[in-house]
Amino acid sequence: MALETLELQSGPNPVASIVVLHGLGADGSDFVPIAEQLDLSAIGDVRFVFPDAPVRPVTVNGGYQMRAWYDIFNADLVRREDEAGLRASLADVQALLDREAALGIAPQRTVLMGFSQGCAMTLLAGLRAPQRLAGLACLSGYLPLAARTAAERSAANQDVQIFMAHGRFDPIVTIDRGLASCATLAALGYAIDWREYPMEHSVCEEEIDDLNRWLLKVLA
């Protein structure tokens with residue numbers, strides 16, 4: 001595996017997988033407490049996979065080296081994008097999905113989920129995945145390489161379930177950026193379960209509850 005991962009199981013016989021992609025400067029352990037709050041017992045045992053992004057210099061942070069799925073050149077996120085970095089991480093994320101399938105969890109029982117940069121990677125990789133996924137959970141992020149999505153998306157995931165959640169007061173990935181991504185996806189025919197909350201660039205209890213209900217639905 002190209003990526004180091006932290007893995008947790010809610011029981012010995014997982015029937016579904018959730019691959020969780022962290023945000024800029026965090027690591028795979030960042031979302032473990034939130035995963036532990038979820039109650040998915042109604043669908044059976046679940047495996048959570050928390051990969052660590054590679055360490056790389058991030059231009060917008062003065063070249064400081066940190067865990068990042070790709071470089072960020074500008075605060076607006078999309079005026080100039082690190083296509084090479086995005087595509088390298090796309091291959092790494094697809095390898096994780098392939099590994100889950102090899103371990104016996106069908107792609108249709110696998111959710112790809114991410115926060116911020118991890119959300120961007122969730123949309124980039126999930127919409128291009130060659131096998132149908134159970135769903136894409138997209139928290140406080142945006143759609144990267146948006147102009148390429150129509151040409152590169154996978155027919156297998158053209159009607160994949162998508163949960164998008166955003167803070168109304170997010171100063172890092174503004175809600176306008178999230179709404180624009182949602183509109184782009186809707187124009188391509190995707191049905192989006194859009195949620196917004198009175199928070200900044202974070203996760204709140206109401207959001208976790210909504211995410212829990214959505215996961216139970218797509219993994220039922």
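Worth pointing out:
- Looking only at the stretch 209-220, and only at residues there that are buried (at least 16 other Cβ atoms within 10 Å of the Cβ) and among the aliphatic types (A, V, I, L, M), the one that is farthest from V46 (Cα to Cα): L211
- For G135: the one exception among (1) within 25 Å of G25 (Cβ to Cβ); (2) touching a Phe, Trp or Tyr at 6+ places or on another chain (Cβ under 7 Å): (1)
- Filtered residues of the stretch 154-205 (kept if out of contact with any strand residue (DSSP E or B) (no Cβ under 6 Å at 6 or more places or on another chain) and open to solvent by 80 Å² or more (accessible area, probe 1.4 Å)): Q158, D159, F169, P171, I172, D176, A187, P198, E205
- Contacts under 7 angstrom Cβ, first residue in the stretch 102-116 being of a type in the set (D, E, K, R), partner assigned to a strand (DSSP E or B), 6 or more apart: R109/V15; R109/A16; R109/S17
- Scan of the stretch 131-172 for residues that are under 22 Å from I72 (Cα atoms), β-branched (V, I, T) and not in a helix (DSSP H, G or I), ordered by number: I172
- 3 or more residues under 13 Å from the mean Cα position of the chain (by Cα) and crowded, with 18+ Cβ neighbours inside 10 Å: qualifying strands (runs of 3 or more DSSP E) within the stretch 14-128: 14-21, 45-51, 110-115
The values are calculated or read from the model by the stated rules, or taken from the named source; none is laboratory data. Just so we're clear, the structure is a prediction, and the values are computed from it rather than from any experiment. Positions of Cβ are backbone-derived with ideal geometry, glycine not excepted, and every protein chain shown enters the neighbour counts. For the accessible areas, the whole protein counts, side chains as well, though only heavy atoms, and no ligand, DNA or RNA atoms are used. Shrake-Rupley method; radii C 1.70, N 1.55, O 1.52, S 1.80 Å.
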